[in-house]
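Inspection log for the structure reproduced underneath, given as structure tokens.
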Amino acid sequence: MSALSVAVIGGGAAGQMAAIKAAEKGHRVTLLEKNEKLGKKLYITGKGRCNVTNDGGRDGFFANVIRNSRFLYSAYAAFNERDMMAFLERNGCPVKVERGQRVFPASDKSSDVQRALDRALKAAGVTIRLNTDVREIMAADRAVTGLCTERGEEPFDRVVLTTGGLSYPSTGSTGAGFEMARALGHTVTDLHPSLVPLETMESWPFALSGITLKNVRLTVRKGGKIIYTEQGEMLLTHFGVSGPLVLTASAYIAEDPAGTELSIDLKPAIPAEELHARLQRLVQENSKKAVGGAFSGVLPTRLLDAVFDQARIQPWAPASSFTKEQRTAMVSALKGMPLTVKGTRPFSEAVITRGGISVKEVKPSNLESKIVSGLIFAGEILDVDAFTGGFNLQIAWSTGALAGGSI
């Protein structure tokens, strides 16, 4: 097979992997990135540690893909999490596996992941052009012919579009790729922020901004039906709630968040009956104190005050006057502090974008467009996404590897 000229638009995770795999097959590959450096989003993932993948195996991967998981069968088969871990090790970035099978660079530095990609790009002979804004993908007779950049029109045999979604626009994810695809006849499904903090109607979290709730259970109801419940950690903020539990919960309601009901069990390890008995015992042992003093060890003071407000209990009232009805109300609040979702935070705070290029218009076997031959997609620009834990980056690596490796 003769070498082809290949343009990869977007130097994120998927784009870099696509460029490497295409170049390793002998093609002349140019990687075009609008930013001043490659992998800008990689540097901020995992709070700067870069959760590169998840070592949960095939079943674990597909159980965590939310949208269009079957579309990814070929991509995962072509390049899975073990392939990615071996790739990093081979290119000088040792990795480690942590809780939840999350995989990180052994150094805890996302920059080491990018250095590994830099080595592979150089070894494969990829031409890299930074600070380059692609304005249009050119096509004729339903086939790619090249690109239009600030240099003018440039011919290419294949174009791989890996410009990402709309999340973290500061990293260059502005949605330009969606417009390029639309201009060529592709459908872009509705776009929503996902894995994102939630704004609440109730204001009590605002006053407690910065407090982390550990070992709590978050339950999410939509139309009275439980759609998510999990124990873990979350954060109270000046707009509502955030943290691991909330980000995961947001994936279930990304398309229609408003009005969703949340319930926080602050004492998930203690059954309601036992909690009743404990509160009664505290009242008996501290009958000469005020209610607030009697229950001071139950929760941190500011959080306890929010529980009192929810249960309509006056903390300054004498403990000796604490009634059975009040105890029931307090147990109810401790086991289910209610919140109503007002909406999600913006794309600038979202880990991923829900929606993208319709997978019905893309061949799953090689990720080439069914509409324009020679146009190939990979990464977050596609309408596929997953929960947190390294799965979204693995989608990027897998689709990037299939996109480049199939040319």
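Report the one residue of 379, 38, 50 whose Cα lies farthest in the direction of the positive end of the charge dipole of the chain (charges on C-beta: Lys and Arg +1, Asp and Glu -1; origin at the Cα centre).
Of 379, 38, 50, it is 50.
Kindly express, to the nearest 10 degrees and within the range 0 to 90, the angle between helix 272-285's C-alpha long axis and the longest C-alpha principal axis of the chain.
Helix 272-285 sits roughly 40 degrees off the main axis of the chain.
Could you tell me which GluC sites (Glu not before Pro) in segment 231-262 are loop residues by DSSP with no more than 16 other beta carbons within 10 angstrom of their beta carbon? Walk me through the intermediate numbers first.
On the way: sites: 233, 255, 261; in loops: 255.
Passing both the DSSP loop test and the Cβ count: 255.
Under a point-charge model restricted to the Cβ atoms of Lys and Arg (+1) and Asp and Glu (-1), what is the dipole moment magnitude of segment 277-334 relative to its Cα centre, in debye to the nearest 20?
Details: 8 positive and 4 negative charges, 31 e Å.
Dipole size: approximately 140 debye.
Taking 0.36 nm per intervening residue step and subtracting the Cα-Cα distance, what contour gain separates residue 255 from residue 131 on full extension? Kindly include the intermediate steps, with their values, before the conclusion.
On the way: separation 124, 0.36 × 124 = 44.64 nm, distance 3.38 nm.
That works out to 41.3 nm of additional length.
For segment 277-334, report the translational diffusion coefficient in µm²/s to the nearest whole number, using Stokes-Einstein at 20 °C, 1.002 mPa s, and a Kirkwood Rh over Cα pairs. Before the final figure, lay out the partial values.
Values: Rh = 10.9 Å.
In µm²/s, the coefficient rounds to 196.
As a check on your grasp of the helix formula, calculate [θ] at 222 nm for the chain: sum -39500 (n - 2.57) over DSSP H runs of n ≥ 4, divide by the residue count, round to the nearest 500.
-9000 deg cm²/dmol
Could you work out how far apart the two model spin labels at residue 179 and residue 211 are, taking each label as a point 7 Å from the Cα in the direction of the beta carbon, and quote it in nm?
Those two pseudo-labels are separated by 4.5 nm.
Given 241, 146, 341, which one lies farthest toward the positive end of the charge dipole of the chain, if we put +1 on the Cβ of every Lys and Arg and -1 on the Cβ of every Asp and Glu?
241
Please report 93, 50 as a ranked list, fewest other C-beta atoms within 10 angstrom at the top and most at the bottom.
On the way: 93 23, 50 28.
Ascending number of Cβ neighbours within 10 Å: 93, 50.
Give me the dipole magnitude in Debye, nearest 20, for segment 323-376 about the Cα centre, with unit charges on the beta carbon: positive for Lys and Arg, negative for Asp and Glu. Walk me through the numbers before you get to the answer.
Details: 9 positive and 4 negative charges, 54 e Å.
Computed charge dipole of segment 323-376: roughly 260 debye.
Taking the Cβ of residue 151 as the centre, find all other residues whose Cβ is under 11 Å away and add up their charges (Lys, Arg: +1; Asp, Glu: -1).
Within the 11 Å Cβ shell, the charges total -2.
Rank the residues 59, 385, 157 as a footprinting-exposure proxy: fewest other Cβ atoms within 10 Å of their Cβ go first. Working shown, then result.
Numbers: 59 8, 385 25, 157 18.
Listed from fewest to most nearby Cβ atoms, that is 59, 157, 385.
What does the charge dipole of the chain about its Cα centre add up to, to the nearest 20 debye, if the Cβ of each Lys and Arg holds +1 and the Cβ of each Asp and Glu holds -1?
In debye, rounded to 20, the chain gives about 780.
With θ set to phi - 60°, apply the Karplus curve 6.51 cos²θ - 1.76 cosθ + 1.60 along segment 218-228 and write out the HN-Hα couplings as whole Hz, x wherever there is a Gly or Pro.
Ordered by residue, 3J(HN,Hα) equals 9, 10, 10, 10, 10, x, x, 9, 6, 10, 6 Hz.
Using only Cα atoms, tell me the angle between helix 324-334 and the longest principal axis of the chain; keep it within 0 to 90° and round to the nearest 10.
Value to nearest ten degrees: 20.
Apply the Karplus parameterisation 6.51 cos²θ - 1.76 cosθ + 1.60, with θ equal to phi minus 60°, to every residue of segment 4-19 and state each ³J(HN,Hα) to the nearest whole Hz, in sequence, with x for glycine and proline.
10, 8, 10, 9, 10, 9, x, x, x, 4, 5, x, 5, 5, 4, 5
Which net charge results when you count Lys and Arg as +1 and Asp and Glu as -1 among the other residues whose beta-carbon is under 12 Å from that of residue 332? It would help to have the intermediate numbers written out before the result.
Numbers: positive: 267, 312, 327, 335; negative: 265, 325.
Once all neighbours under 12 Å are counted, the net charge is +2.
Quick one: check the C-alpha center-to-center distance for segment 354-385 versus segment 164-217, whole angstrom.
Taking the Cα centre of segment 164-217 as reference, the centre of segment 354-385 is 21 Å away.
Name the residues whose placed amide hydrogens come within less than 5 Å of the amide hydrogen of residue 354, ignoring near sequence neighbours (fewer than 5 apart) on the same chain.
For residue 354, whose amide H was placed from the backbone, the distant partners under 5 Å are 192, 194.
Say R0 is 30 Å: what FRET efficiency, to the nearest 0.05, do residue 274 and residue 301 get from their beta-carbon distance? Intermediate values should be presented prior to the final figure.
Working: r = 23 Å, r/R0 = 0.76.
The calculated FRET efficiency here is 0.85.
Amide H of residue 385: which non-local residues (sequence gap of 5 or more, or other chain) have their own amide H closer than 5 Å, using H built in the peptide plane?
The answer is 66, 67.
For the chain, what is the percent of antiparallel DSSP beta bridges, rounded to the nearest 5?
Values: 48 of 65 bridges.
In the chain, DSSP labels about 75 percent of beta bridges as antiparallel.
So which GluC sites (Glu not before Pro) in segment 87-168 pass both tests, a DSSP loop state and at most 10 other Cβ atoms within 10 Å of the Cβ? Intermediate results must be reported in sequence, preceding the final value.
Numbers: sites: 89, 98, 136, 150, 153; in loops: 98, 150.
Sparse-neighbourhood loop GluC sites (Glu not before Pro): 150.
Between residue 290 and residues 5 or more places away or on another chain, which pairs have amide H atoms under 5 Å apart, with H built 1.01 Å from N, and which residues are they?
Here the answer is 319, since their amide H atoms fall under 5 Å of that of residue 290.
Using the Karplus curve 6.51 cos²θ - 1.76 cosθ + 1.60 with θ = phi - 60°, what ³J(HN,Hα) values do you get for each residue of segment 397-404, in whole Hz, with x for Gly and Pro?
Coupling constants for segment 397-404: 5, 5, 5, x, 5, 5, 4, x Hz.
Any read-out appearing in this document is the output of simple, stated calculations on the displayed coordinates, not a laboratory observation. Predicted model, so just to flag it, every value in this text is computed and none were measured. Here Cβ is always computed from backbone atoms with ideal geometry, including for glycine, and neighbour counts include all displayed protein chains.
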